[in-house]
1. Tell me, yes or no, whether the stretch A:360-374 has at least one residue that is outside any helix (DSSP H, G or I) and at pLDDT 90 or above.
2. Here are B:46, B:54, B:83: which of them is of a type in the set (D, E, K, R), in contact with a helix residue (DSSP H, G or I) (Cβ under 7 Å, 6 or more places away or on another chain) and surrounded by 15 or more Cβ atoms within 10 Å (Cβ to Cβ)?
3. Any idea which residue in the stretch A:151-205 is modelled with the highest pLDDT, counting only those that are surrounded by fewer than 24 Cβ atoms within 10 Å (Cβ to Cβ) and not in a helix (DSSP H, G or I)?
4. Just checking, how many residues over the stretch A:360-388 are more than 14 Å from residue A:119 (Cβ to Cβ) and hydrophobic (A, V, I, L, M, F, W, C)?
5. Every residue in the stretch A:66-88 that is surrounded by fewer than 24 Cβ atoms within 10 Å (Cβ to Cβ) and part of a helix (DSSP H, G or I), please.
6. Only one residue in B:77, B:37 is assigned to a helix (DSSP H, G or I), at negative phi, within 18 Å of the chain's Cα centre (by Cα) and among the acidic types (Asp, Glu). Which one?
7. Would you pick out the residues in the stretch B:57-69 that are in contact with an Asp or Glu (Cβ under 7 Å, 6 or more places away or on another chain), within 7 Å of chain A (Cβ to nearest Cβ) and surrounded by fewer than 21 Cβ atoms within 10 Å (Cβ to Cβ)?
8. For the stretch B:51-74, which positions are touching a residue at least 24 places away in the same chain (Cβ under 8 Å) and part of a strand (DSSP E or B)?
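The values are calculated or read from the model by the stated rules, or taken from the named source; none is laboratory data. Everything numeric in this text was worked out from a predicted model, so none of it was measured. Virtual Cβ from ideal backbone geometry, glycine too; neighbours counted across all protein chains shown.
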Amino acid sequence: MGIAILILMAIGVVLMLTRILPTAFALALLALGIAVISGAPLTGGKESILTGVLQNGAVTLAATMIAVLLGSWLGSLLDQTGIGGTLVRKIVEFGGERPAVVALGVFAVSILCGSITGSAPAAMLAGVVGIPAMIAVGLRPVAAAGTVLMGISAGSPLELPVWQFMSDALGAPVSEVRTVMIRLFPIALVVGIAYVLVQTRRGARHAWAVQLDRPKARIRRGDAPWYALATPLVPIVLALGLTVPIVPSLLAGVIYALLTTTKWGDLNERALRSLYKGFEVAAPPIALFVAIGMLLAAVKLPGAKTALTPIVSAISPAAPIWFVVVFAALVPLCLFRGPLNVFGLGAGVAGVLVTGGIYPMTAVVGLMASYNQVFGVSDPTSTQTVWAAQYAGVRPERSMLSTLPFTWVVGLGGMVLTAVLYL
Amino acid sequence: MNDLELAVGLLRDTPTHENRTGEQLRSWAQTALEYGDELAEGPDVETIHVIEREGGVRKGEVLLAEHQRGTVIVYTDALRRTEEVARSRGWSVTRESLRRAAVAHEVAHHRLDVRELNRRLGHTAARLGPFRLRGHVAGADEIAAHRFAHRRSGLAVSPLLLTAALAGRD
């Protein structure tokens with residue numbers, strides 16, 4: 001039965017890779033297939049297909065969906081109120097004579113954007129102005145795209161919706177997820193800075209180049225006041241410093257952004273318009289989280305657990321050093337929607353590792369967070385990578401080649417950290 | 001359109017300037033063009049290594065030349081494309097003058113002093129009482145490089161106009 005489930009998972013990966021099915025649909029079908037192979041009854045209690053997998057599975061990540069929605073709302077506000085654009089413009093104006101300063105500044109803004117929201121919207125927040133600005137001061141286009149992506153990824157360990165996702169998906173308390181993420185952040189930060197410095201030390205590249213179809217820069221929305229620029233820090237400070245729960249932290253960020261940028265009479269309209277935009281931005285990840293919830297429910301069915309645990313246990317290294325070596329070598333499997341992508345089939349694998357008791361919960365959180373650092377930057381099929389690379393005028397695969405040596409190091413660092421602290 | 005109008009358009013399309021006043025952009029464009037003129041009057045002191053290769057016509061981009069670490073790469077297929085675009089508009093442009101302009105454009109980037117250009121542009125990024133922090137004007141160095149290339153290459157048409165034509169914005 002275990003082999004049959006693995007074959008089904010492999011078919012699912014092929015369907016996702018070849019784009020025959022969107023990832024969310026493939027994962028939902030995979031969940032159904034695993035449930036059927038596991039011998040789960042169609043109806044009945046919590047371990048049935050209709051109730052356990054479809055009904056309960058669909059809402060497993062409900063808290064994550066709300067966090068993603070609020071993060072997207074806040075991201076839309078950063079855009080509509082001009083906070084994101086102002087941050088980047090100020091950096092270009094202050095540091096434009098030195099490409100390294102501009103790149104490090106855009107990297108820092110990208111961290112802030114990545115800590116609020118994820119995927120392409122985060123890349124757009126920092127990159128719409130930041131990428132052409134970096135190219136204008138002499139960065140190579142591939143490095144400009146990579147700088148934004150590395151920044152977003154460095155912000156990811158501080159992204160509250162990601163904490164909620166790890167907590168919901170793996171059943172770990174948010175406090176434990178937070179502990180892992182805070183320890184991962186310095187590694188992503190240091191390697192990200194190294195990427196920027198290596199790229200800028202290659203010397204400024206100037207060119208007589210004509211962009212034929214790059215989208216025009218957006219209409220400038222005017223500068224946001226200086227005190228509004230602290231908006232991205234509000235949720236982080238509340239959640240990290242004062243251990244306020246995730247949803248109120250994000251709501252506080254939304255309220256702060258509205259009050260510092262919007263006239264009293266315009267509050268309702270702006271709040272509603274940005275909220276609806278937030279729904280639009282959050283729709284793809286929420287669809288994915290519904291499907292991931294079903295997949296997690298399916299791999300936790302007694303039949304699936306009994307079938308998969310011995311296989312996964314046999315191939316999962318026990319010694320800390322082999323944990324690092326094996327899982328670091330498997331890093332490419334989180335790319336191209338591969339089986340270790342935590343926002344895909346990787347969530348199911350993580351579920352098996354946890355429910356089978358193969359590794360401690362915190363170790364699985366650390367492992368998946370490490371893969372997320374690679375996937376978030378280097379996967380040429382992820383929306384942020386595709387958007388940033390194409391906006392800079394390079395192919396996503398070139399962006400992957402530029403960033404992968406660095407993100408692999410971040411992933412490796414995360415795994416070493418996990419092995420040392422939690423195994 | 002004359003060079004000043006084209007330069008204003010270039011600045012307008014550069015992120016960070018979207019909503020600046022036309023008067024402000026015109027003033028900056030004029031200063032940058034004058035800086036390019038001044039640079040072109042100076043002597044050539046640096047040694048630039050020039051190589052030619054294909055591969056400048058890419059998806060979404062035409063790359064005529066680039067400069068990195070003292071070497072200028074001129075893309076011959078991009079020069080051909082530019083020549084075709086110029087010919088289709090009835091402009092008399094030779095491949096050799098285009099090549100000279102492409103090299104000169106990159107020499108200008110090598111030579112121009114961005115700090116000095118920003119000083120002349122006089123943009124204030126922040127002010128605290130009597131203290132002013134000078135700001136960078138993105139795109140101004142590109143205008144100066146185009147003007148330098150025009151002066152040095154003997155092109156019959158301004159590189160700013162050729163750039164706009166290639167992008168379909170003329």
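1. Taking every residue of the stretch A:360-374 in turn, at least one turns out to be outside any helix (DSSP H, G or I) and at pLDDT 90 or above.
2. B:83
3. The residue in question is A:173.
4. Within the stretch A:360-388, residues that are more than 14 Å from residue A:119 (Cβ to Cβ) and hydrophobic (A, V, I, L, M, F, W, C) number 8.
5. Within the stretch A:66-88, the subset surrounded by fewer than 24 Cβ atoms within 10 Å (Cβ to Cβ) is A:66, A:69, A:79-82, A:86.
Scanning the stretch A:66-88 gives A:66, A:69, A:79, A:80, A:86.
6. It is B:37.
7. B:60
8. B:52, B:57, B:62, B:64, B:65, B:66, B:67, B:72, B:74
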